[in-house]
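Engineer: This is the structure I have questions about; it appears just below.
The values are calculated or read from the model by the stated rules, or taken from the named source; none is laboratory data. Source: prediction; values computed, not measured. A quick note on method: Cβ atoms are made from the backbone with ideal geometry, for glycine too, and the neighbour counts reach across all protein chains shown. Remember, those area values only see protein heavy atoms, side chains included, never the ligands or the DNA or RNA. Shrake-Rupley method; radii C 1.70, N 1.55, O 1.52, S 1.80 Å.
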Amino acid sequence: MSEYNWEVFQTAIGQTFFIVSISVIVGGLLGLALGLVLYATRPGNLMANRPVFILLNIAVNIVRPIPFVIFLVAIQPLMLASIGTTIGTNAVTFALSLSAAFAVSRIVEQNLLTVNPGVIEAARAAGARPISILLTVLVPEALGPLILGYTFIFVAIVDMSAQAGLFGGGGIGDFAITYGSQRYDWPVVYISVAVMILIVQAGQFLGNFLARKALRR
């Protein structure tokens, strides 16, 4: 890899870390909020509200299966209205955060449903309010599986971030295509793939470690 390519590669790595970190944080927080609402408003649960649950459930079911590239195209009017652009790193990060939020919401809901109902009843009997039960009882009880779920989302976001180049977002995927495959420079492609694998492995290792810690509490 030439000195110029190495400098561009370093920039691409920085872009990937920016896209992934912001998407995980923003998408993770939005997804947690949506997941808590989905769980709480489910019929028979803490804050049962059938219309709200049905509306959110349909929205999640619609958005989750959409391939990321198509999702990027579909929400361009929303991007333009929200951040003023439909290309670049910020646009890709916006789209990834939104897509991740819907995926995380389902993971949060499903993991909360596995919590022993007896724990919830005990909290209710002690006079705890629904919001307090959600945040101080349910989330801690499901923390281990939730961490594993977020780890899965992290890996998915790294994967989807490789498509950022299609919309001028940069990143390692864009670098591998522009400076690697299009120029038949296969070492550049393999180095890019190796870095992506390292990022995923590091994230998976950290997620597994934190999940084990949470499960041994």
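Engineer: Using just the helices of the chain, give the 222 nm mean residue ellipticity in deg cm²/dmol: DSSP H runs with n ≥ 4 each add -39,500 (n - 2.57), and the total is spread over all residues, rounded to 500. Present the calculation step by step, with values, prior to reporting the outcome.
Structural biologist: Numbers: 10 runs with 158 residues, N = 217.
It lands at -24000 deg cm²/dmol.
Engineer: At a threshold of 8 angstrom on Cα-Cα distance, excluding pairs fewer than six apart, so keeping six or more, what relative contact order does the stretch 1-82 reach in percent?
Structural biologist: Values: 21 pairs, mean separation 9.7, N = 82.
With pairs under 8 Å counted, the relative contact order is 12 percent.
Engineer: Out of Q76, N61, A126, whose Cα points farthest toward the positive end of the dipole of the chain (charges: +1 Lys, Arg; -1 Asp, Glu; placed on Cβ)?
Structural biologist: Value: A126.
Engineer: May I ask you to derive the relative contact order of the chain, considering only C-alpha pairs under 8 Å and at least 6 residues apart, and to give it as an integer percent?
Structural biologist: Values: 262 pairs, mean separation 60.5, N = 217.
Once divided by the residue count of the chain, the mean separation gives 28 percent.
Engineer: Under a 1.4 angstrom probe, counting protein chains only, how are R183, R124 ranked by accessible area, largest first?
Structural biologist: R183, R124
Engineer: With 10 Å bins from zero, work out the P(r) of the chain over every alpha carbon pair and list the percent per bin.
Structural biologist: The calculated distribution, bin by bin, is 8, 29, 29, 20, 9, 3, 0.
Engineer: Hey, what angle do you get for helix 89-112 against the long axis of the chain, alpha-carbon based, 0 to 90 degrees rounded to 10?
Structural biologist: Around 30 degrees separate the two axes.
Engineer: Select from A103, A194, A40 the residue whose mean-square fluctuation is largest in a Gaussian network model of the chain (Cα-Cα springs shorter than 10 Å).
Structural biologist: Comparing A103, A194, A40 in a Gaussian network model of the chain, the most mobile one is A194.
Engineer: Something else now. I want the local charge near I58. Using Cβ-Cβ distances under 13 Å, sum +1 for each Lys or Arg and -1 for each Asp or Glu among the other residues.
Structural biologist: On the way: positive: R50, R64, R106; negative: none.
Spelling it out: positives minus negatives among the neighbours equals +3.
Engineer: Extent of the stretch 102-176 along each principal axis, from alpha carbon coordinates, in Å, largest to smallest?
Structural biologist: 57, 18, 14
Engineer: I'd like the accessible area for T93, computed on protein heavy atoms only with a 1.4 Å probe and all protein chains in place. Round to 10 Å², please.
Structural biologist: For T93, the solvent-accessible surface is approximately 10 Å².
Engineer: Most fluctuating residue of V119, V108, V139 in a GNM of the chain with Cα springs under 10 Å: which is it?
Structural biologist: V119
Engineer: Put +1 on the Cβ of each Lys and Arg and -1 on the Cβ of each Asp and Glu in the chain; which of L210, S99, I191 then has its Cα farthest toward the positive end of the dipole?
Structural biologist: Comparing the listed Cα positions along the dipole, L210 ranks first.
Engineer: Quick check: at a probe of 1.4 Å, how many percent of the accessible area of the stretch 135-217 sits on carbon and sulfur atoms?
Structural biologist: That fraction is 68 percent.
Engineer: Here's another thing I want to ask about it. Whole-Hz Karplus ³J(HN,Hα) for the stretch 70-86, in order, using 6.51 cos²θ - 1.76 cosθ + 1.60 and θ = phi - 60°, x for Gly and Pro?
Structural biologist: For the stretch 70-86, the Karplus curve yields 5, 4, 4, 5, 5, 9, 4, x, 5, 4, 4, 6, 8, 10, x, 7, 10 Hz.
Engineer: I've got another one for you. How would the stretch 128-217 be classified by its alpha-carbon gyration tensor: rounded, prolate or oblate, with rounded meaning a/c under 1.5 and the a/b versus b/c comparison settling the rest? Provide the component values of the computation, followed by the final result.
Structural biologist: Working: a/c = 6.93, a/b = 2.51, b/c = 2.76.
Oblate shape, in that a/c is at least 1.5 and b/c is the bigger or equal ratio.
Engineer: Could you calculate the contour length gain from A214 to L29, that is, 0.36 nm times the residue separation minus the distance between their Cα atoms, to one decimal place in nm?
Structural biologist: Values: separation 185, 0.36 × 185 = 66.60 nm, distance 1.90 nm.
Stretched fully, the A214-L29 segment lengthens by 64.7 nm.
Engineer: Sticking with this structure for a sec: Taking all pairs of distinct Cα atoms, average 1/r, flip it, and tell me the Kirkwood hydrodynamic radius of the stretch 32-129 in Å to one decimal place.
Structural biologist: Details: mean 1/r = 0.0659 Å⁻¹.
Here the Kirkwood hydrodynamic radius works out to 15.2 Å.
Engineer: In whole Å, what are the Cα extents of the stretch 1-78 along the three principal axes, biggest one first?
Structural biologist: 62, 24, 19
Engineer: Counting heavy atoms of the protein chains only and a 1.4 Å probe, report the per residue accessible area for the stretch 68-172 as a whole number of Å².
Structural biologist: Numbers: 4540 Å² over 105 residues.
Per residue, the stretch 68-172 has 43 Å² of solvent-accessible surface.
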